[in-house]
Amino acid sequence: MTAQLIDGKAFAATVRASVAEHVARLKSDHGITPGLAVVLVGEDPASQVYVRSKGKQTLEVGMKSVEHKLDAETSEADLLRLIDQLNNDDSIHGILVQLPLPKHLNEDLVINAIHPSKDVDGFHISNVGLLGTGQKSMVPCTPLGCLMMLRDYHGSLSGMDAVVIGRSNIVGKPMAQLLLNDSCTVTIAHSRTRDLADVVRRADIVVAAVGRPQMVPGDWIKPGATVIDVGINRIDKPEGGTRLVGDVDFESCAAVAGAITPVPGGVGPMTIACLLANTVTACCRANGLEEPQGLTA
Ligand code: GUN
């Protein structure tokens, strides 16, 4: 391996420490405790794991954590009523509705019912529009975590060629927008992209967010490029059991890249750290206080 490892686990710990410091100051100087509400509908096992982890880490940085676990048959009206209640609760500064939602619920409708100032996922159309026009917004957590790691490693990203593989609303599109706002030349590649290998070979920065295990081989990577792997895929091991892999083939990519995030321990831990960061930012904005430096885009 020649690439430098970008240690997301260690970076996330520094983000959480900074969040905890700001939370302590909000409490001691202003008597305010930032609060995050997480709403889970149904029993998707992966979602249950994420929600538990979010609740635990929220408490660890000194914030208030509220979990609403609703059964899979919850009606849209009941879910919207809960969101309305949380929108009007002054002790709650961030609201996250875990996705995916059960099929009978309209995700767009539900997400857009969250007040934009409490939309710590940055999925509300107002926040998407603000980000797209370079205005102050809530920024989606996973792309924000990727951006923080890229800025930390490179300093300025200005003028770099970036290829984002994947066009989801959660990662691909906001990631491309953030890189564009940092003056990268950005290409969004996806399942219909022609000559994907050639497109990726041009990139100084590759962000892989497609959800296909080990899809990007090392011979697609420009020597010295930075590879950010958003994928978390569980695959069977030949000898039995399973293991987690990303969307890039780590071994071959690490042999060519200048820097690379591992899976696990790369982007994953940064996502929840950025959720906590967004909650503190939302809390400061809601109270007319100066927002923390370095925790937003
Ligand atoms: N499901 C997978 N990733 C996310 C995320 O970042 N936010 C929410 N709300 N749901 C998700």
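Each reported figure results from applying straightforward, stated rules to the coordinates on display, with no laboratory input. All of these numbers come straight from a predicted model, not from anything done at the bench. Neighbour counts are summed over all protein chains in view; Cβ atoms, including those assigned to glycine, are modelled from backbone coordinates with ideal geometry.
At-a-glance table
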read-out: Overall form of region 20-170 per C-alpha gyration tensor (a/c, 1.5; a/b vs b/c); value: oblate
read-out: Net +/- balance of residues flanking ALA72 in space, Cβ distance below 14 Å, scoring K and R +1, D and E -1; value: -4
read-out: Table column - 3J(HN,Hα) (Hz), region 139-149, Karplus curve with 6.51, -1.76, 1.60, x for Gly and Pro; value: 10, x, 5, 5, x, 4, x, 4, 4, 4, 5
read-out: Value of [θ]222 nm, deg cm²/dmol, for the chain, DSSP H segments ≥ 4, -39500 (n - 2.57) each, nearest 500; value: -12500 deg cm²/dmol
read-out: Net +/- balance of residues flanking ASP152 in space, Cβ distance below 13 Å, scoring K and R +1, D and E -1; value: -1
read-out: Dimensionless Rg/Rh of region 192-236 - Kirkwood Rh, Rg from C-alpha atoms; value: 0.97
read-out: Using alpha carbons only: equivalent-ellipsoid semi-axes of the chain, gyration tensor based, whole Å; value: 32, 22, 18
read-out: Using alpha-carbon coordinates, inclination of helix 76-87 to the longest axis of the chain, degrees; value: 80
read-out: Phi-based couplings in Hz for region 212-217 (Karplus 6.51, -1.76, 1.60; Gly and Pro marked x); value: 10, x, 6, 6, 9, x
read-out: GNM result for the chain, Cα springs below 10 Å: residue of ILE170, ILE114, ILE235 fluctuating most strongly; value: ILE235
read-out: Cα centroid separation, region 144-193 to region 94-131 (Å); value: 21
read-out: Ranking of ILE165, ILE125, ILE111 by count of other Cβ atoms within 10 Å, fewest first; value: ILE125, ILE111, ILE165
read-out: J(HN,Hα) series, region 244-257, from Karplus relation 6.51 cos²θ - 1.76 cosθ + 1.60, nearest Hz, glycine and proline x; value: 8, 9, x, 8, 10, 7, 4, 4, 6, 5, 5, 6, 10, 5
read-out: Degrees, to the nearest 10: 267-286 long Cα axis against longest axis of the chain; value: 40
read-out: No Cys partner within the rule (Cβ under 4.7 Å), the chain; value: CYS146, CYS184, CYS253, CYS283, CYS284
read-out: Average Cα contact separation per residue, the chain, under 8 Å, 6 or more apart, as relative contact order %; value: 22
read-out: Under 5 Å, built H, 5+ apart or other chain: amide partners of ASP161; value: THR185, ASP204, ILE205
read-out: Hydrodynamic radius by Kirkwood, which averages 1/r over all alpha carbon pairs of region 1-82, in angstrom; value: 15.2
read-out: Relative packing of 138-146, 2-10, 202-210, 219-227, which averages over residues the other C-beta atoms within 10 Å, highest first; value: 138-146, 202-210, 219-227, 2-10
read-out: Residue-span extension gain [GLU251 to THR133] - 0.36 nm each, minus C-alpha spacing; value: 38.7 nm
read-out: Of the GluC sites (Glu not before Pro) in region 39-142, those whose Cβ has at most 10 other Cβ within 10 Å and which sit in DSSP loop; value: GLU73
read-out: Crossing angle, helix 45-60 versus the chain [Cα axis fit, 0-90 degrees, rounded to tens]; value: 70
read-out: Entries in LYS136/LYS222; LYS27/LYS54; LYS9/LYS173; LYS27/LYS103 that, when Cα-Cα distance is taken, lie over 29 Å; value: LYS136/LYS222; LYS27/LYS103
